[in-house]
């Protein structure tokens, strides 16, 4: 099942990219999304890009109601985003890959950070696939709102952090 989201900011792309490469920011975003016990790693690349790896334990309360019965103890989400170096205009692209540990659920996609007349747009687009016989489509339908919810929480933390600077 496909998913997409976009978020607009009044800050320039380099300011938003700096947050997306900040371990403390990413941990705060994960906590806001219902994953306070997350492990976040940020690794700089040799060309000015960076890789973000997140292992987030999502609490049952933060899951959509349709998923709570399938995961009464919560879920562990593993995700990596590999960001390219900034282009001349500050734009960046990232490949996304992730999984829900032990579930047969995987996600893949792209993220794009680009300048706009008003600041910056951060876009995500991808696909969730559940390799679970008979339940795959139901799991995919439940996973997409959780992914968008995680992105929405990150957006709100970006807004808060940008307002504080």
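The values are calculated or read from the model by the stated rules, or taken from the named source; none is laboratory data. Since the structure is predicted, the reported quantities are computational estimates derived from the model, not experimental observations. Heads up, the Cβs are rebuilt from the backbone with ideal geometry, glycines too, and the neighbour counts pull from every protein chain shown.
See the values below:
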| quantity | calculated |
| --- | --- |
| Region 75-107, residues that are part of a strand (DSSP E or B) and over 20 Å from residue 26 (Cβ atoms) | 105, 106 |
| Residue match in region 129-152 (condition: assigned to a strand (DSSP E or B) and either in contact with a strand residue (DSSP E or B) (Cβ under 6 Å, 6 or more places away or on another chain) or farther than 14 Å from residue 6 by Cβ (or both)) | yes |
| Candidates 52, 16 - the one that is surrounded by 14 or more Cβ atoms within 10 Å (Cβ to Cβ), more than 19 Å from residue 163 (Cα to Cα) and in contact with a strand residue (DSSP E or B) (Cβ under 7 Å, 6 or more places away or on another chain) | 52 |
| Members of region 120-155 that are out of contact with any helix residue (DSSP H, G or I) (no Cβ under 8 Å at 6 or more places or on another chain), closer than 14 Å to residue 8 by Cβ and modelled with pLDDT of 90 or more | 121, 123 |
| Residue under evaluation residue 56, criteria (1) farther than 18 Å from residue 144 by Cα; (2) touching a helix residue (DSSP H, G or I) at 6+ places or on another chain (Cβ under 6 Å); (3) modelled with pLDDT under 90, criterion not met | (1) |
| Within region 98-111, tally of residues that are at pLDDT 95 or above and surrounded by 15 or more Cβ atoms within 10 Å (Cβ to Cβ) | 2 |
| Index of the failed condition, residue 18 passing every other in (1) assigned to a helix (DSSP H, G or I); (2) touching a helix residue (DSSP H, G or I) at 6+ places or on another chain (Cβ under 7 Å) | (2) |
| Verdict on residue 115 being loosely packed, with under 14 Cβ neighbours inside 10 Å, outside any helix (DSSP H, G or I) and over 13 Å from the mean Cα position of the chain (by Cα) | no |
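Table: residues versus (1) at pLDDT 85 or above; (2) in contact with a strand residue (DSSP E or B) (Cβ under 6 Å, 6 or more places away or on another chain); (3) closer than 20 Å to residue 3 by Cβ.
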{"position": "32", "(1), (2), (3)": "no, no, yes"}
{"position": "35", "(1), (2), (3)": "no, yes, yes"}
{"position": "43", "(1), (2), (3)": "yes, yes, no"}
{"position": "62", "(1), (2), (3)": "no, no, yes"}
{"position": "85", "(1), (2), (3)": "yes, no, no"}
